[in-house]
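Structure record follows, encoded as structure tokens.
The values are calculated or read from the model by the stated rules, or taken from the named source; none is laboratory data. Please read these numbers as outputs of a predicted model, since none were measured by experiment. Glycine gets a Cβ as well: all are built from the backbone with ideal geometry, and neighbour counts include every protein chain shown. We work out accessible area using only protein heavy atoms, side chains counted, and drop any ligands, DNA or RNA first. Shrake-Rupley method; radii C 1.70, N 1.55, O 1.52, S 1.80 Å.
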Amino acid sequence: MKQIQIIGHLGKDAEVKRFKDTDYTSFSVAVTEKVNNEDVTTWFDCLKYGSNDNLRPYLLKGTKVFIQGNFNAKTSEKDGKTYLNLNVNVDKLQLIGAKGENQTIQTQNHATPVQAAPPTPEGDDLPFN
């Protein structure tokens, strides 16, 4: 099994969707790092299955999160360029708040206990505004 752990910021507000009889929450996470003194951002498309209505108020653009889950990578082509799409099926989600606050939202068998406070904006160092 392939596992990935990511700490990054949500690129937009999460969306709750439905496919056939399955609910899921869709969101993207940006991870920015310095490479040769330049900021390079990698985007991860994330899905968390199950009824997640209780998560939506906390998963807003700019929220800093830790996620863990299975991933797969697919390539696509657009305008003659090849892109790598990284998709994550989220098993664990932790909101990373200000002042050392940690709010944990963990998924096991689609149960999602929430112990969280609304996130605090992190500032102007986000790769998106």
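Observations, loosely collected:
- For the pair region 23-61 and region 1-22, the centres of their Cα atoms are 6 angstrom apart.
- Equivalent-ellipsoid semi-axes of region 29-83, from the Cα gyration tensor, Å, largest first: 26, 18, 11
- PHE27 - accessible surface, heavy atoms, 1.4 Å probe, Å² rounded to 10: 10
- Taking a straight line from the alpha carbon of LYS78, these lysines sit under 30 Å away, with near neighbours fewer than eight places off in the same chain left out: LYS2, LYS12, LYS17, LYS20, LYS34, LYS48, LYS61, LYS64.
- Taken over the C-alpha atoms, region 1-98 has Rg and Dmax values of 14.2, 47 angstrom.
- Cleavage-rule hits (GluC sites (Glu not before Pro)) in region 13-67: DSSP loop, at most 10 neighbouring Cβ within 10 angstrom: none
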